[in-house]
Structure formats: structure tokens, C-alpha cells
Amino acid sequence: MNGPSTIRNFDPADEELLLNTIDRWLEKDVRPVVKQYDHEDRWPAEIVEQMRQFGLFGATVSPEYGGLGLPATTYARIVMRISSVWMAITGIFNSHLMLALAIEKFGTPAQKQTWLPKLASGEIRGGLALTEPDAGTDLQGIRMTARRDGDSYVINGTKTWISNGIEGSAFALLVKTDPHAQPRYNGMSLFIAPKGPGFAVGKKLEKLGYKSIDSAEMVFDNYRVPADHLIGEVEGRGFKQATGGLELGRINVAARGVGIAEGALALSTQYAQIRKTFGKPIAEHQAIQLKLGEMATRARAARLLTLDAAAAFDRGERCDLEAGMAKYFASEAALENSTEGLRIHGAYGYSKEYDIERLYRDAPLTCIGEGTNEMQRMIIAKQWIKRNQVT
Ligand SMILES: Cc1cc2nc3c(=O)[nH]c(=O)nc-3n(C[C@H](O)[C@H](O)[C@H](O)COP(=O)(O)OP(=O)(O)OC[C@H]3O[C@@H](n4cnc5c(N)ncnc54)[C@H](O)[C@@H]3O)c2cc1C
């Protein structure tokens with residue numbers, strides 16, 4: 001079993017209706033403005049409100065808490081579609097849903113009742129705060145501490161690169177409640193941390209791509225949080241809780257990669273039939289056909305791997321290997337297709353007038369988030385060997 005947001009049936013007709021609505025919204029309200037928002041690195045308030053109205057902030061939250069309760073396959077299809085136009089805005093609800101997932105999967109009944117309806121409606125928006133200046137991949141190396149003091153905990157330390165850090169108001173915060181514990185994960189706990197005294201947010205980090213969504217540093221200086229904000233109300237479970245959403249998280253990053261790979265393919269297919277050299281469209285030159293052939297194959301393979309992992313998740317099966325493969329392959333497909341797409345566009349690929357340059361800048365994030373692709377291949381190999389033991 002994968003947790004509360006899985007094994008859900010969703011009527012195919014309802015899925016089609018939802019996806020068609022998303023498609024119309026993307027063409028009418030998002031595509032015409034994406035370039036401007038991205039180049040200005042401006043928070044897209046109107047788009048966030050529209051996503052809230054669609055229910056995307058509760059996409060994977062159970063209906064009993066006011067969410068849409070979507071299966072991972074439908075959720076992945078939504079993320080693919082949006083990412084083919086503008087990947088960055090999927091981060092605004094995806095990171096938020098990781099917070100909701102941690103509460104729904106590991107929270108006490110009271111925590112679920114208190115937080116999930118507000119998260120599902122988008123009244124409270126937030127994200128997942130794990131990374132620190134000195135600890136990203138090696139998550140057990142974090143230094144942030146939470147010390148019990150009566151009915152509350154006092155938290156000190158710094159997080160960085162936190163998505164929605166400025167615009168969000170509550171975060172799942174990974175800390176050490178026992179910094180000396182061995183193994184290190186036994187001393188880790190996950191808190192629900194709403195903004196308040198002692199919780200300061202630094203400036204928006206400047207990035208290559210993934211613009212408009214805010215990534216920020218957070219400084220906690222004697223930040224006091226009530227003890228009932230400890231997810232599950234038992235210390236020492238934070239590492240498992242923080243990584244417990246990784247399967248869905250990886251399916252989500254894979255879906256973002258698929259969107260970019262397909263978006264780059266669509267832009268390039270169009271451009272190659274319009275741009276002429278030597279008296280014919282460049283699509284008729286073999287060198288360009290080789291690129292398009294590879295791009296189309298990569299995009300399709302990425303889509304199938306991602307939907308395969310999502311379907312396994314929806315069946316309640318363990319799918320860490322499948323989600324890892326999908327994340328790795330689809331993010332590399334995003335990087336390769338956006339690079340090849342840029343080359344197909346010639347000089348115009350290098351111009352800020354054309355959309356392909358944004359996809360080229362956005363793609364690398366998918367190779368970093370939810371486990372870097374360096375780690376991903378090692379994780380895939382370890383799981384593969386485990387499932388194929390010589391007896
Ligand atoms: C735009 C953006 C948004 C982000 N949003 C969030 C967020 O919302 N919340 C959050 O908590 N974090 C967030 N992150 C942080 C992200 O999760 C980390 O950057 C990521 O986990 C990698 O950590 P690191 O940057 O510290 O790299 P490091 O861990 O320092 O790794 C550096 C390099 O070494 C490689 N490496 C590390 N260890 C090994 C090993 N054992 N074997 C082989 N290679 C290794 C890595 O693959 C990488 O290539 C975000 C990052 C970005 C760029």
C-alpha cells in the first residue's frame with residue numbers, strides 16, 4: 001500500500017473532462033502570458049488563483065478532507081500537460097502536495113482534520129523544507145535542531161532552496177530532535193511549521209530557469225512550535241516521513257520531464273516545417289529528421305515509463321524502482337529534447353523571443369530535484385539487484 005492517496009478509481013469520463021478543461025485553460029490563460037512572467041521572474045498570482053479554483057492544491061488529497069483524490073495516473077497527466085507549456089507553475093502545487101501527503105500519510109487524526117482541508121482548498125499553501133546549505137543529497141547530515149521545551153519545541157537552523165518559501169505560509173520542516181542518534185535517521189523528526197516569530201525568509205534565490213516560483217532560504221532563530229505540530233507526535237520518524245512521499249514525488253518530477261520533452265518536440269516539429277533552407281523546410285533534411293525521430297521516441301518512452309510507474313502506484317504496489325526509472329529517464333529526455341530543440345531553432349533557439357529557450361533553462365532542474373540523477377541510477381541499480389538476487 002502506498003498510503004491514503006492511492007488506489008482510487010476515477011471515472012475516465014471525469015478525467016477527460018478535467019484534462020480538457022486544463023488544456024483550454026493552458027491555451028487561453030497560460031500560454032499567452034508565460035514568456036512575460038518568466039522573463040520578469042514574477043509570481044503568477046492570477047494563475048495560482050486559477051489553479052486553486054481547479055482544486056489542484058488538493059489534487060492528491062483524499063476527498064474526505066476536501067481534496068480531489070486523484071489517482072497518480074491522472075495527476076501525472078495533468079502535470080505533463082501543464083509542464084509542456086510552463087513547468088515552473090507545477091512546482092507551486094507539487095511541493096505543496098508533498099506537505100499534504102506527509103500529513104495525510106503520517107499525521108495524527110487531529111493533524112489531518114486541522115491541516116488537510118485548508119491545504120486542499122489552497123487557503124494555506126506551502127512546501128517541503130529538507131535541504132540545508134550543507135546537506136542536500138546527504139539528508140541525514142542536516143544540522144537544524146528542535147529541542148523540547150514544555151508543550152513546545154524550539155527550532156534553530158537554516159534551510160535553503162525551499163520552493164514556495166516566500167509565498168507559502170506553512171512547511172514540512174525536517175529537523176534533528178536527537179543530533180547524536182546513530183544511525184542518524186533515528187534522530188530526525190518532521191514538523192508542520194507555519195510562519196511566525198523566529199521564522200525568517202531570505203530573498204528569492206536567482207536561478208537559471210524555473211522562474212516565477214520562489215525558491216528561498218529560511219532562517220529559524222528560536223522559532224517555537226507547539227508539540228502537536230510534530231507529524232505523528234512521535235520523535236525519530238522524520239526521515240521516513242520526509243522520504244515517504246518520494247515515489248509520488250518522483251512520478252511528479254518524471255511527469256514534469258515528460259511535459260518538457262513533449263513541449264520541446266511540439267515546438268521543434270512546428271518550427272522545422274516552417275523554416276526553410278536550401279529551398280525546402282528543414283524538416284525535410286535528414287539531419288533534422290534524425291533529431292526529430294529521436295526526440296519523438298524519447299518523449300514517448302518517457303511518457304510510458306511515467307504512466308507505468310503511476311499505474312503501479314495506483315494499484316498500491318511498491319514502485320520505487322519504476323518511479324526512479326521514470327524520473328531518471330524522463331528528466332534526461334527533457335534535457336536532451338530541449339537541447340536538440342534549441343539547435344533545430346538555430347539562432348532563434350538562442351533568442352528570448354522563442355519559447356524553446358525557457359524549456360532549455362527549465363529542464364536541468366528535473367535532473368536535480370527529488371534525488372539527483374547521479375543518485376537515481378545507483379538507487380535503481382541497488383533495487384534492481386535486490387529484486388534479482390541469485391539464490
Ligand atoms: C530550483 C530548486 C528547487 C528546490 N526545491 C527544494 C524544496 O522545495 N525543498 C527542499 O528541501 N529542497 C529543494 N531543492 C534542493 C534539492 O533537493 C537539492 O539541491 C538536491 O537534493 C541536491 O542537493 P545539493 O544541491 O546539496 O547537492 P549535493 O548533495 O551537494 O550534490 C552535489 C553533486 O554530487 C553528487 N553526489 C552527492 N552525493 C553523491 C554520492 N554519494 N555518489 C555520487 N554522487 C553524489 C550529486 O548528484 C550532485 O551531482 C531545490 C533545488 C533547486 C535547484
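Within segment 206-237, take every residue that is within 16 Å of L128 (Cβ to Cβ) and within 15 Å of the ligand (Cβ to nearest atom) and give me the one that is farthest from the chain's Cα centre (by Cα).
F220
Any residue at all in segment 184-200 that's hydroxyl-bearing (S, T, Y), open to solvent by less than 50 Å² (accessible area, probe 1.4 Å) and within 13 Å of the ligand (Cβ to nearest atom)?
no
Return the only residue of A311, A302, A323, A330 being assigned to a helix (DSSP H, G or I), touching a residue at least 24 places away in the same chain (Cβ under 8 Å) and closer than 15 Å to L246 by Cβ.
A323
List every residue pair whose Cβ atoms lie under 8 Å apart, where the two residues are 6 or more positions apart in sequence or sit on different chains, the first residue falls within segment 199-213 and is on the phi > 0 side of the Ramachandran plot, and the second residue, located anywhere, is within 12 Å of the ligand (Cβ to nearest atom) and open to solvent by 20 Å² or more (accessible area, probe 1.4 Å).
Y210/R361; Y210/L365
Considering each residue of segment 333-353, count those that are surrounded by 23 or more Cβ atoms within 10 Å (Cβ to Cβ) and in contact with a His (Cβ under 8 Å, 6 or more places away or on another chain), and give that number.
So the answer is 0.
Quick grid of which residues meet (1) under 23 Å from I368 (Cβ atoms); (2) open to solvent by 40 Å² or more (accessible area, probe 1.4 Å); (3) modelled with pLDDT of 95 or more:
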position: A287; (1), (2), (3): no, yes, yes
position: L292; (1), (2), (3): no, no, yes
position: A296; (1), (2), (3): no, yes, yes
position: A301; (1), (2), (3): yes, no, yes
position: L304; (1), (2), (3): no, yes, yes
position: A309; (1), (2), (3): yes, no, yes
position: E322; (1), (2), (3): yes, yes, yes
position: S331; (1), (2), (3): yes, no, yes
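Those residues that are within 14 Å of G238 (Cα to Cα) and aliphatic (A, V, I, L, M), I need them from segment 171-204; list them, please.
Selection gives A172, L173, L174, V175, A181, M188, L190, I192, A193.
Hey, could you check segment 362-384 for residues that are in contact with a Gly (Cβ under 6 Å, 6 or more places away or on another chain) and not charged (D, E, K, R) and say which is farthest from the ligand (Cβ to nearest atom)?
Across segment 362-384, the extreme among qualifying residues is I380.
Inspect segment 26-41 for any residue being at pLDDT 95 or above and under 23 Å from A129 (Cβ atoms) and give the result as yes or no.
Yes - at least one qualifying residue is present in segment 26-41.
Which residue is nearest to the chain's Cα centre (by Cα), if the candidates are limited to segment 133-172 and must be among the charged types (D, E, K, R) and open to solvent by 60 Å² or more (accessible area, probe 1.4 Å)?
Top of the filtered list is E167.
Taking T21 and the conditions (1) part of a helix (DSSP H, G or I); (2) in contact with a Ser or Thr (Cβ under 9 Å, 6 or more places away or on another chain), which numbered condition does it fall short on, given that it satisfies the others?
(2)
Is there any pair linking a residue in segment 366-391 that is closer than 15 Å to E247 by Cα to one that is within 7 Å of the ligand (Cβ to nearest atom) and open to solvent by 70 Å² or more (accessible area, probe 1.4 Å), with Cβ under 8 Å and at least six apart or on different chains, and which?
Within 8 Å, the pairs are G371/T137; T372/T137; M375/T137.
Taking the condition in a helix (DSSP H, G or I), in contact with a His (Cβ under 8 Å, 6 or more places away or on another chain) and hydroxyl-bearing (S, T, Y), does Y360 pass?
no
Can you pull out every residue in segment 224-267 that is surrounded by 24 or more Cβ atoms within 10 Å (Cβ to Cβ) and not in a helix (DSSP H, G or I)?
Within segment 224-267, L230, G245 meet the criteria.
Name the pairs whose Cβ atoms lie under 7 Å apart, with the first residue in segment 114-142 and free of Cβ contacts under 8 Å to residues at least 24 places away in the same chain, the second in a loop (DSSP other than H, G, I, E, B) and not small (G, A, S), and 6 or more positions between them or separate chains?
K118/I124; D134/R143; A135/I142
A72: under 14 Å from the mean Cα position of the chain (by Cα), surrounded by 14 or more Cβ atoms within 10 Å (Cβ to Cβ) and free of Cβ contacts under 8 Å to residues at least 40 places away in the same chain, yes or no?
It is false that A72 is under 14 Å from the mean Cα position of the chain (by Cα), surrounded by 14 or more Cβ atoms within 10 Å (Cβ to Cβ) and free of Cβ contacts under 8 Å to residues at least 40 places away in the same chain.
The values are calculated or read from the model by the stated rules, or taken from the named source; none is laboratory data. On a predicted model such as this, the values are computed, not experimentally measured, just so you know. Neighbour counts run over all protein chains shown; Cβ positions are idealised from the backbone, glycine included. Heads up: the accessible areas ignore ligands, DNA and RNA and are worked out on the full protein's heavy atoms, side chains in. Shrake-Rupley method; radii C 1.70, N 1.55, O 1.52, S 1.80 Å.
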